[in-house]
Structures are given as C-alpha cells and as structure tokens.
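Enquirer: Below you will find the structure I want to go over with you.
The values are calculated or read from the model by the stated rules, or taken from the named source; none is laboratory data. Just so it is clear, the model here is predicted, and its values are computed rather than measured. Please note: Cβ atoms are built from the backbone with ideal geometry, for glycine as well, and neighbour counts cover all protein chains shown. Surface accessibility is based on the protein's heavy atoms, side chains included, excluding ligands, DNA and RNA. Shrake-Rupley method; radii C 1.70, N 1.55, O 1.52, S 1.80 Å.
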Amino acid sequence: MFDILIIGSGPSGMTSAIYGARSGLTVGIIERGAPGGAMVTTASIENYPGFSKIDGATLSMNMFEQMTNLGVTFIGEEVLSIKKDNDIFTVETNYAKYDSKTVIIATGTMQKKLSVSGEDKFTGRGISWCAICDGSFYKGKDVIVVGGGNSALEEAMYLASICKTVYIIHRRDEFRADSMLVNKAKEFDNIKYILSSTIKEFLGDKKLEKVLITNLKTNEDYLMDIDGVFEFIGQTPNTNWLSELGIVGENGFIKVNSEFETTVKGLFACGDVIDKGVRQIATAVSDGAISALSASHYIK
Ligand code: NAP
C-alpha cells in the first residue's frame with residue numbers, strides 16, 4: 001500500500017514524488033514512457049530558474065535521480081483505470097494492481113495532429129512530432145515546422161542547426177510564442193517563414209515528398225517539395241481513460257481546486273493535464289509540490 005501513487009513522471013509528477021518522499025510518505029510513480037514526459041524531448045530549456053540553458057534529457061535525469069535517491073518506487077507500466085473503495089484507491093495497470101491512500105494524476109498532454117489527408121500514411125516516413133528524436137534523419141535537408149507557439153519556434157531553432165532550411169508554416173501572421181523566442185529565431189538565416197498558411201495535404205510515394213499548402217488570405221493552393229514535416233500545433237490532455245471519474249471538464253483537462261484536489265476526495269492532479277492558463281516547467285513543479293503537500297495533509 002502506497003501513501004501517494006503518482007501517475008506520470010513529467011516535472012510535476014517527479015516534484016510531487018520528491019515532496020511526498022520528503023514528507024516521510026511511501027511514494028510510487030507509474031510511467032508508461034521515459035521519465036521527464038514532454039520535457040525529456042526538449043532540446044534546450046532556457047527559462048527554468050537555476051539553469052541558464054539545459055537540455056531536457058539532463059534536467060529529466062537530474063529530477064529522476066533526486067526522486068529515486070529519496071526512495072520513490074518507479075513503476076514502468078501503463079495505467080488503465082483508477083477506482084476508489086472504502087477510502088482506498090486501486091490503480092490498475094497493464095501488468096498489476098496497486099493500492100494507495102491518495103493518487104496524484106500528472107499525465108500531461110500529447111501533441112495535437114493536423115488531421116489532414118496523407119498524415120497517417122507518412123507518420124514516421126516524413127512526418128514527426130519530435131525534433132530531438134527524428135531531427136538527425138534530416139541532416140542537410142529541407143523541413144517544415146508547423147505552428148506558431150513556443151514549441152514550434154524552439155524546435156525550429158534546434159532543427160535549423162541540423163537541416164539546410166527550416167520553413168515555419170503558421171496559420172496567422174503573428175506568433176503565439178514569446179517575443180524573445182520569435183526575435184531569436186529571426187537571427188537564423190536558414191529559417192524561412194510561410195505565414196497565414198496551412199498544410200492541406202501530405203503527398204508522396206513510399207515517403208513524404210510534397211505538401212499542398214493553402215494561403216489562408218488568398219485561398220491559393222500550391223505544392224512544395226519537402227523532405228520532412230514537424231508538427232507543433234499544441235497539446236491535447238491525456239485524460240481519455242479518466243472519463244468514468246467525472247473529474248474532466250468539457251475541454252478534456254482535469255478540474256482541481258486551489259489544493260490541486262479533484263472533486264474526488266484524496267484524488268489530486270497537477271501539471272499540464274489540469275485546466276489552467278500557463279503551462280511551463282516552472283509552473284508544473286509548483287503544482288507538483290502543492291499537490292503532494294495537499295495529499296500529505298489529507299492523509300494526516
Ligand atoms: P501552443 O502554445 O498552444 O501553440 C500552438 C500553435 O499551433 C499556435 O500558434 C496555433 O496557432 C497553432 N495551431 C493550433 N492548431 C492548429 C492547426 N489545426 N493548424 C495550424 N496551426 C495550428 O502549443 P505549444 O507551442 O505546444 O505550447 C504548449 C504549452 O507549453 C504553452 O503553454 C507553451 O507556452 C508551453 N511551452 C513553453 C515553452 C517555453 O516556455 N520555453 C516551450 C514549449 C512549450 P494560433 O496561434 O493561431 O492559435
């Protein structure tokens with residue numbers, strides 16, 4: 001029996017685990033992928049206090065080591081359901097069942113897809129959602145980054161250091177990304193912009209060869225030869241599996257109170273998966289700390 005069982009090991013989940021363990025509680029953390037969540041595939045992080053510049057994999061491993069050194073049990077499985085009976089939660093995974101006095105959901109988000117023709121066919125054959133994983137396949141080649149947020153601008157700069165040319169295709173002519181990132185990207189000679197435009201179709205034979213682009217101002221369509229496309233058009237919460245608990249809002253994010261508790265007593269949530277305005281590593285670790293302290297208070 002755990003005191004706190006955390007689902008998801010991104011920065012919020014790992015911070016919950018660190019705070020829970022330091023409160024003298026028995027803590028487990030379940031993760032289906034690599035520790036770090038979205039952070040682990042981020043090439044360069046430059047706005048997390050204490051590190052002027054650090055890569056996501058190193059920051060993830062630093063948090064992971066700090067957490068496991070405190071005695072947190074890491075469970076590499078996928079959670080299928082959470083049930084509560086007589087004040088005890090049972091979390092079922094693809095391998096086992098675990099009991100806990102409290103549960104903290106920190107499952108984060110996953111990348112949205114453009115959902116246009118040809119996307120499924122060329123996934124992994126020219127279309128990617130991870131620059132750090134797949135960027136090296138496009139060394140010296142031309143790629144497109146779709147999106148105008150912080151992820152698109154950051155990943156475009158990472159790809160610009162590998163690829164010949166990076167074309168940022170954004171549906172508006174103003175960026176959602178922080179102005180500092182927008183200005184920094186402008187310093188790269190090999191980043192070009194295709195604004196007020198979107199991809200309508202992916203085309204090719206065995207691998208991606210062309211995209212059909214629409215100019216949203218003129219409604220003109222044209223074909224462009226391209227080696228790869230990286231989509232960074234926002235995030236969707238990992239909450240499909242939680243619908244039975246009634247804790248998910250209409251937008252798919254989990255609703256919590258100021259203690260990061262859901263409407264189910266003893267069930268907390270934190271990080272990108274909750275309904276909130278700002279999604280940063282700094283805010284994720286803050287959520288994680290508060291949710292673990294709230295869980296600790298609930299147990300005591
Ligand atoms: P985001 O901020 O939601 O930006 C998504 C971008 O994709 C927007 O520019 C949006 O256009 C565009 N878009 C959305 N749907 C589209 C569609 N169907 N077709 C074409 N374009 C589409 O997502 P994100 O960049 O992944 O960031 C997610 C969160 O993480 C944000 O809160 C962000 O601040 C945070 N984050 C922070 C950092 C950092 O601080 N260094 C790094 C990465 C992520 P519109 O602008 O027109 O809506």
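Enquirer: Would you kindly compute the Cα radius of gyration of the stretch 6-46 and its largest Cα-Cα separation (Dmax), both in Å?
Expert: Here Rg and the maximum Cα pair distance are 11.3, 34 Å.
Enquirer: To continue, here is another question. Would you mind computing, in nm to one decimal, how far apart the modelled labels at Y193 and I54 are, each placed 7 Å from Cα along Cα→Cβ?
Expert: With each label placed 7 Å out from Cα toward Cβ, I get 3.2 nm.
Enquirer: Considering only DSSP beta bridges whose two residues both sit in the stretch 113-231, what percent are antiparallel, to the nearest 5? If you can, show how the numbers build up before the last one.
Expert: Values: 12 of 29 bridges.
Roughly 40 percent of the beta bridges in the stretch 113-231 run antiparallel, per DSSP.
Enquirer: Ignoring any ligand, DNA or RNA, what whole percent of the accessible area of the stretch 97-181 comes from carbon and sulfur when the probe is 1.4 angstrom?
Expert: 47
Enquirer: Radius of gyration and Dmax for the stretch 153-285's Cα atoms, expressed in Å?
Expert: Considering the stretch 153-285 through its Cα atoms, Rg and Dmax are 19.4, 55 Å.
Enquirer: Show me, for the stretch 280-296, the HN-Hα J-couplings you get by feeding each phi into the Karplus relation (A = 6.51, B = -1.76, C = 1.60, θ = phi - 60°), rounded to Hz, glycine and proline as x.
Expert: Per residue, the Karplus-derived 3J(HN,Hα) values read 9, 5, 4, 6, 5, 5, 5, 4, x, 5, 5, 5, 5, 5, 5, 5, 4 Hz.
Enquirer: While we're looking at this one, here's another question. Only bridges with both residues in the chain count here: give the DSSP antiparallel percent, nearest 5.
Expert: On the way: 29 of 62 bridges.
So the antiparallel bridges in the chain amount to around 45 percent.
Enquirer: What residues from the stretch 2-29 fall in the zone where the backbone N is under 18 Å from a label point 7 Å along the Cα-to-C-beta line of E78?
Expert: Inside the label zone: 7-10.
Enquirer: Please compute P(r) over all alpha-carbon pairs of the stretch 9-114, binned at 10 Å starting from zero, and give each bin as a whole-number percent.
Expert: All Cα pairs, binned at 10 Å, distribute as 14, 41, 32, 11, 1 percent.
Enquirer: Along the principal axes of its C-alpha atoms, what lengths does the stretch 113-231 span, in descending order and rounded to whole Å?
Expert: 39, 35, 22
Enquirer: At a 1.4 Å probe, what is the % contribution of carbon and sulfur to the accessible area of the stretch 204-263?
Expert: Values: 1630 of 3450 Å².
Answer for the stretch 204-263 is 47 percent, counting heavy atoms of protein chains only.
Enquirer: Taking a probe of 1.4 Å, how large is the accessible area per residue of the chain, in Å²? Don't skip to the end; give the middle numbers.
Expert: Values: 14590 Å² over 300 residues.
Solvent-accessible surface per residue comes out at 49 Å².
Enquirer: Tell me, how many Å apart are the Cα centres for the stretch 46-63 and for the stretch 91-153?
Expert: Going from one Cα centre to the other spans 20 Å.
Enquirer: Okay, moving on. Relative to 2.2 N^0.38 Å, what does the C-alpha radius of gyration of the chain come to as a ratio? Two decimals please.
Expert: Working: Rg = 20.8 Å, N = 300, 2.2 N^0.38 = 19.2 Å.
Relative to the 2.2 N^0.38 Å estimate, the chain comes out at 1.08.
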